[in-house]
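The values are calculated or read from the model by the stated rules, or taken from the named source; none is laboratory data. Because the structure is a prediction, the values reported are computed rather than measured. No Cβ is skipped: glycine too gets one built from the backbone with ideal geometry, and neighbour counts run over all protein chains shown. Note: accessible area is taken over every heavy atom of the protein model, side chains too, but ligands, DNA and RNA are not part of it. Shrake-Rupley method; radii C 1.70, N 1.55, O 1.52, S 1.80 Å.
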Amino acid sequence: MILRKHGPRLYRSVLLPRLGSAGSAEEALSRTYVKVVERFEQFTWQAVGVYPWLRVVALRVALDMLRARKRELLFEPEDVERELEHTERDAREADELERYDLNCAKQRVRDVLGRINPRYADAIRLRILEERSREEAALSLGVSVATFDVVLHRAMAALRKALPEGGTES
Amino acid sequence: MTRHDSDPDLPTLDEEEERRLVALLKSAFAPSELEPARHERLLQAALEDPFAAPSPEEIVESERLRRALDGDGDHLDLVLARALSAAYAPSEAPPKVVAPAALTAGRLSAKVLYLRFGGVAAVLAAAAAVLLVMSARNSPEASAPELPALALVQSRSTAALFQSASVGPPSARIDRIASVRERDLRANRYAMWGVR
């Protein structure tokens, strides 16, 4: 019951934003479930419920997976380590934590887009984040569709360069 | 949380909002210097012409990226694009919830078992209650007997109970009234159930 209720929330707000792909997030969720079942004896009931504890387990799984990667995506292991340290003193409930996590991830995207040329950031925002069609995106930028494709390609290259480790592959 | 005890009208700030306000104040009062490396990045980004004529390699790569984004083929930047999308607007739920091996293998701890079966028992109890009420309403056999045909104890004044010779102090009178009413209720229920 608990895992069915909170699993999708962990996936959506903790794992997917930090790990960057559905495959990795699903794998992390599966590992989280196993750890929760194995360690549930260690959980002591709190006023804010079980979600904060589940979130810590999921963050630790995400941290392990990020450390195992040669290159990082938007989040680095240090980011998750900081979150875990902060979480030890956390007394927020599930809904509040979810909002916090989702906002943090969005802010991270805004931060990295702020490091590249604003036109590139626009191209990525329109096509990748808002999933607009090429035609719509090109119209918004005032260029032809073919030019937009080139701009988007350059935008992604610029973003890759702007990321801390300069890479994206797992 | 921050709340000024002397002024209850002040809004409660959560940690994030408090941090944002602190950053605003610090930026206004003592603005920090821009890091040279950060400045260089900004400068390079601004000097780059996003609409410059593409090289042949760029045309090929941009076409590959376009196809990959449309689900045709793969591209190095597809991973990054998915990561951005996942962080900015993660999908509502995992495509499939992966059942942990421990759950399927039955390696549940006592606490998990207790929680799961507690939940199941509560659901079953609720379902049984609903079923009972519905069957009591719908089943002709279970319908309530004709009330006029039963000799039920009728509601009446408690005055007689207060005037009884056996009554004592107020607490004893209350006890006596409760006892008599309880007996009446029990008798009526037995009568309605057909118990003699």
Short version: which residues of segment B:33-70 lose at least 30 Å² of accessible area, all chains versus chain alone, 1.4 Å probe?
B:Arg38, B:Arg41, B:Ala45, B:Glu48, B:Pro50, B:Phe51, B:Glu58, B:Ser62, B:Leu65, B:Arg66, B:Leu69
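How big is the convex hull of the Cα atoms of segment A:1-104, per residue, in Å³?
95
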Probe of 1.4 angstrom, ligands and nucleic acids ignored: what's the accessible area per residue over segment B:26-84, in square angstrom?
70
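With a 10 Å radius around each residue's Cβ, average the other Cβ atoms per peptide and rank A:136-145, B:60-69, highest first.
B:60-69, A:136-145
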Interface buried area B-A, accessible surface with 1.4 Å probe, both sides summed, nearest 100 Å², comes to 5300
Need the C-alpha centroid separation for segment A:27-46 versus segment B:16-40, integer Å.
39
Quick check for me: using +1 on Lys/Arg Cβ and -1 on Asp/Glu Cβ, what's the dipole size of chain A about its Cα centre, in debye to the nearest 20?
320
Sequence-distant or interchain residues sharing an amide H contact under 5 Å with B:Leu13, placed H: which?
B:Thr2
How far apart, in nanometres, would the label points at B:Asp14 and A:Phe43 be if each is projected 7 angstrom from Cα along the Cα-to-Cβ direction?
2.2
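For chain A, what is the accessible area per residue in Å², given a 1.4 Å probe and the full set of protein chains?
Averaged over the residues of chain A, the accessible area is 44 Å².
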Heavy-atom accessible area of segment A:102-165 with neighbours in place, 1.4 angstrom probe: carbon+sulfur share in percent works out to 47
Hey, what did segment A:1-112 get for relative contact order, percent, Cα under 8 Å, at least 6 apart?
35
